[in-house]
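Notes follow the structure.
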Amino acid sequence: FKIPFYHAAFETAAATAAGISNALLAKGDEETVVIALAGDGGTADIGFQSLSGAADRDENIIYCCFDNEAYMNTGIQVSSATPQLAWTVTTPRGKVGKKKNMVEIMGAHHIPYVATACACFPDDLRRKIAEAKKIKGTKYIHILSPCPTGWRFPERLTPNIGRLAVETRYFPLYEIRNGREVKITHNPKNLPVEDYLLAQGRFKHLNEEDIHRIKAEIDRNWLELTRRESESYCS
């Protein structure tokens, strides 16, 4: 790369980025953009303390979490970002607990900018990165990253899986500014959630009751998101 990069320990992405940002500031460089790239395990689990601390100090960084919803590098073990009922090697009958909502947790830090994104919607992702670069303080972008191996689907279907996650409202695309202002950035088609779930081997064990429960939660979450967006425009 022509862009300088630093490979940090697994759990220290936010602290490392904050250190580099402050070192640049000490040299009088207020223009260089510092971006941290981490996975869901290094963000929601062992790296959360580092990230929360950076957000509390409002460090001037962009933190991107690439969420493939499990510890994929070490053999597909469950993480706190793994969805409820999803198969992993350590949850062979499906995860019991729900997925940790890192987007809302980071929004609760009242940092300037939080957003969701998916590489299968590249224009949306590109715009959000560009927007984050304009803003001083901590910016957090949560990027859904479909994993053919861990999610058990053919590699050629990766773009379709990502689009289905968004179009079924399973993974809505939106922004949160300063912990309050919510804006949905893509109006999904509201496709049946089973189109997304049953295209993946990690959800093949689900029955109709399981799917109905997941759909009900998606509907509740979408209703709450649209309510918050409406209140943002009214305030």
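The values are calculated or read from the model by the stated rules, or taken from the named source; none is laboratory data. Owing to the predicted nature of the structure, the values given are computational and were not obtained by experimental measurement. Here the Cβ positions follow ideal geometry from the backbone for every residue, glycine too, while neighbour counts run over all protein chains shown. Side chains are part of the model used for accessible areas, which takes the heavy atoms of the whole protein and leaves out ligands, DNA and RNA. Shrake-Rupley method; radii C 1.70, N 1.55, O 1.52, S 1.80 Å.
General observations
- Accessible surface of the range 1-110 [probe 1.4 Å, protein heavy atoms]: carbon and sulfur percent: 58
- Across the cross-link table entries Lys100/Lys189; Lys99/Lys215; Lys189/Lys215, which are compared at the Cα atoms, the separations over 18 Å belong to Lys100/Lys189.
- Cα-only radius of gyration and Dmax that characterise the chain, units Å: 17.9, 60
- Relative packing of 158-165, 114-121, which averages over residues the other C-beta atoms within 10 Å, highest first: 114-121, 158-165
- Springs between Cα atoms under 10 Å define the GNM used for the chain, and in it the highest mean-square fluctuation of Leu173, Leu25, Leu51 occurs at Leu25.
- Exposure ranking of Lys128, Lys204, Lys183 by accessible area [1.4 Å probe, largest first]: Lys204, Lys183, Lys128
- Working note: 222 nm ellipticity from helices only, DSSP H runs with n ≥ 4, each -39,500 (n - 2.57), summed and divided by the residues of the chain, gives -11500 deg cm²/dmol to the nearest 500.
- DSSP beta bridge pairing in the chain, given as percent antiparallel to the nearest 5: 35
- Positive-end ranking of Thr116, Ile105, Leu157 along the dipole of the range 83-157, with charges on Cβ about the Cα centre, is headed by Ile105.
- The modelled label-to-label distance between Asn73 and Thr32, using points 7 Å beyond Cα along the C-beta direction, is 2.3 nm.
- Beyond 17 Å, the tail of the calculated P(r) for the range 30-144 holds 55 percent of the Cα pairs.
- Here the spin labels are modelled as points 7 Å beyond Cα on the Cα-Cβ line, and at Ser52 and Val89 they lie 2.9 nm apart.
- Taking only the Cα atoms of the range 1-71, the ratio Rg/Rh comes out at 0.98, with Rh defined as the Kirkwood radius.
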